[in-house]
Structure formats: C-alpha cells, structure tokens
Amino acid sequence: MKFTKMHGCGNDYIYINCFEEKIENDRISELAVKMSHRHFGVGSDGLVLICPSDKCDVKMRMFNSDGSEAEMCGNAIRCVGKYVYDRKIVDKTLITVETLGGVKVLDMSLDGEGKVSVVKVDMGEPVFKPELVPVEGEGEGPVKDLEIEVYDRKFVFTCVSMGNPHAVTFIEGVDDFDVKKYGTFTEVYKSFPKKTNTEFMEYVSKNFFKMRVWERGAGETWACGTGACASAVAACLNGYCKKGDDIILKLLGGELIINWSAEDNHVYMTGPATFVFDGVWNE
C-alpha cells in the first residue's frame with residue numbers, strides 16, 4: 001500500500017490516497033496504531049485517509065496514533081489540500097473538504113514551482129455551548145472559568161470546540177512546562193465527556209503567543225491547528241486580543257497565523273504544508 005508522509009509545522013501524519021488504495025473499515029484503527037509507531041512503524045501523530053466525497057471536492061478521515069478517530073485536524077487538512085492539488089486530484093486552489101467536524105474551505109497559495117506551500121483554512125465558527133464542545137457547564141457558554149486542580153497547581157480553562165474539543169489555559173514559562181504531566185490528567189478529566197485537547201498558552205507580546213498542546217489520543221505534538229484556533233479565540237475571550245486581529249502562535253514546530261473574523265465570526269488559519277516522502281507499507 002502506497003502512503004505519503006507530510007507535516008504541518010511538525011504535526012506529522014501518514015496520508016493514504018483512498019481514490020487508489022482500499023482499506024477495510026474495521027482495520028483502519030489497527031493500521032493507524034501500527035503505522036504511527038515511532039519505532040516499529042513509519043512514525044507519525046496519526047493516519048489520514050484522503051477519500052472521495054459526495055458533497056465536497058474530497059473527504060478527510062483522521063485517526064490518532066492510538067487508533068481513535070478524531071473530528072478534525074487543522075494541520076492535517078492543510079496537507080490534504082497540498083496533496084490533492086500537487087497530485088492533480090483537484091485542479092483548483094480553492095476547494096472544500098468534508099470532515100467529521102463539518103465542511104472546511106481551503107485557499108491554497110503556490111510556490112515558484114507551482115506546488116502548494118501555504119494554505120489558508122476557513123475553520124468555521126467556534127462553538128461555545130457546553131453540550132456541543134462538549135464540557136460540563138450550563139447556559140449557552142462560553143465556559144471560560146473552569147477551574148481544575150491538577151496535582152500541585154490550579155488551572156483556569158476556557159473551553160472551545162473547533163470541530164473537536166479544546167481546553168485552553170494561560171500560564172507563564174511554557175518552554176519548561178511539563179505538558180505530559182498535566183496534559184495526561186486533563187485529557188481524561190471528568191468535565192470532558194469526550195476527553196479534550198489541552199492547550200497551554202503564554203502571552204509574549206501584543207498578538208503574539210507561545211503555545212504547547214497535549215492532543216487527545218496522541219500526546220504532545222509539535223503543532224495543532226484546531227488547538228491554535230481555539231487558543232486564539234480564548235485569547236480574545238480573555239481580553240488579550242481583539243476579534244479581527246491577526247494572532248501569531250509559535251508552536252514547537254513553527255508559527256501559525258489565526259484570525260477570528262469580526263465580519264463573519266469564522267476562524268481563519270494560515271500556515272505551511274510540507275511534503276516529506278512517499279513510501280510503501282508491506283504486511
């Protein structure tokens with residue numbers, strides 16, 4: 001089976017072209033675990049299937065490295081755009097992608113060789129209603145004062161869904177922060193019925209933040225697109241930024257530009273998509 005390794009800001013995934021390859025549905029989770037293993041497989045944060053769609057240009061299915069299927073991934077979807085354009089599955093730079101987190105619109109920019117280098121994704125509107133995030137809470141939301149005591153310290157979380165659940169907290173000293181220690185705890189905390197992705201965010205200067213993320217089902221990753229979007233929204237909700245600002249988030253693997261539009265309430269993410277290599281998986 002042919003596959004392609006790609007990454008967005010270091011958030012790396014294995015991509016399979018399901019226009020050509022066929023995988024039995026009951027084997028996908030097992031395959032995601034095997035292929036994603038850093039020592040015994042290809043090595044990745046998960047597996048992405050690029051599939052035909054009845055209502056969009058293409059469909060994306062995304063599986064974490066533990067085999068669980070996720071609703072959306074902002075870094076992965078940029079790479080899907082690059083794949084389908086560079087491989088001539090589509091012949092336009094503005095496309096729609098079907099995901100479990102809804103339909104996403106991709107606007108792709110080309111380099112001097114006619115290959116996709118940067119992708120702007122319309123990630124849709126942020127969701128705050130507690131039952132839809134989901135997170136324990138009342139009313140219409142947003143939940144931005146969820147206090148959780150984890151071992152030796154307390155955190156206050158702002159909860160946002162960008163097609164998948166996120167809990168964002170603002171801290172100091174994020175470079176030296178033990179993401180695994182605290183992220184492992186919050187991922188499965190009782191307030192999150194479908195678990196959560198956890199973003200630890202540090203204000204650096206106006207509209208500029210550092211962010212690290214513990215991804216549900218994958219652990220700490222070098223970047224998270226939906227997490228960056230949720231974090232930028234949380235920064236606005238907590239008074240660090242204004243809606244409509246271009247907000248730069250520095251992640252372990254690079255920078256993403258996020259804008260929560262004051263015009264249509266949609267969140268727009270702009271960042272790179274990078275090809276690594278093609279390969280063949282033998283079983």
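Structure notes:
- Matching residues in region 169-197 - criterion: being assigned to a strand (DSSP E or B) and without any contact (Cβ under 8 Å) to a residue 40 or more places away in the chain: 169, 197
- Lone unmet requirement of (1) farther than 16 Å from residue 275 by Cβ; (2) surrounded by fewer than 16 Cβ atoms within 10 Å (Cβ to Cβ) for residue 101: (2)
- Matching strands (runs of 3 or more DSSP E) fully within region 201-283 where at least 3 residues are among the β-branched types (Val, Ile, Thr): 274-280
- Applying the set (1) more than 21 Å from residue 223 (Cβ to Cβ); (2) aliphatic (A, V, I, L, M); (3) not in a strand (DSSP E or B) to residue 95 leaves exactly one unmet item: (3).
- Test: residue 244 is modelled with pLDDT of 95 or more, surrounded by 15 or more Cβ atoms within 10 Å (Cβ to Cβ), at positive phi and not assigned by TED's automatic domain parsing to the domain that holds residue 15: no
- Tally of residues being under 17 Å from the mean Cα position of the chain (by Cα), closer than 25 Å to residue 253 by Cα and among the aliphatic types (A, V, I, L, M) across region 69-110: 8
- Within the set 200, 170, the sole residue that is in contact with a helix residue (DSSP H, G or I) (Cβ under 6 Å, 6 or more places away or on another chain), among the aromatic types (Phe, Trp, Tyr) and closer than 23 Å to residue 241 by Cα turns out to be 200.
- Taking the criterion of being assigned to a strand (DSSP E or B), surrounded by 14 or more Cβ atoms within 10 Å (Cβ to Cβ) and either among the charged types (D, E, K, R) or out of contact with any Leu (no Cβ under 6 Å at 6 or more places or on another chain) (or both), the residues of region 1-31 that qualify are 3, 4, 5, 6, 7, 8, 11, 12, 13, 15, 17.
- A single entry from 53, 44 fulfils the requirement of being in a loop (DSSP other than H, G, I, E, B) and either touching a Ser or Thr at 6+ places or on another chain (Cβ under 7 Å) or modelled with pLDDT under 95 (or both): 44.
The values are calculated or read from the model by the stated rules, or taken from the named source; none is laboratory data. Being a predicted model, the structure only gives us computed values, none of them experimental. Cβ atoms come from the backbone with ideal geometry, glycine included; neighbour counts cover every protein chain shown.
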